[in-house]
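Take a look at the structure set out below.
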Amino acid sequence: MTQSISDELTFEQAFQELDRIVRELEDGEIGLEQALGQYEIGVGLLKRCYARLQEAEQRIRTLTGVDADGKPITAPFEHSATADNSAGDSKRKRKKEADPEVLF
């Protein structure tokens, strides 16, 4: 598969081809030179898939409301982590069998 062919693939086609290559490499039935060639193609497909995902993410817009004419108001999607690691108190510690029970 050449670079120009991989550029013409849809995300789904590139992902399927990448999956096929990974399975082929995991099987270990091909020679070293062929495996290296497949690996290089796989890296190109992986980069293509990541680029397509980034493009899609940039196209996502968030509906923030409607204007006076009833038309939707949108804003670019801002991605961020949803888990807050700084809230360490939210995780309760497990009670150990040897710990005495505290009632108050």
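Computed from the C-beta positions of Q54 and R20 and an R0 of 22 Å, the FRET efficiency is 0.40 to the nearest 0.05.
Rounded to two decimals, what ratio of Rg to Rh does the stretch 1-75 give with C-alpha atoms and a Kirkwood Rh?
Here the Rg-to-Rh quotient is 1.30.
Between L36 and F11, the modelled label-to-label distance comes to 3.4 nm, taking each label 7 Å out from Cα in the direction of the beta carbon.
The modelled label-to-label distance for the pair L63/H79, using points 7 Å beyond Cα in the direction of Cβ, is 2.2 nm.
Bear in mind that the values in this text are calculations on the coordinates, not laboratory data. Here the structure is a predicted model, which is why all the values come from computation and not from measurement. All Cβ positions, glycine included, derive from the backbone under ideal geometry; neighbour counts span all protein chains shown.
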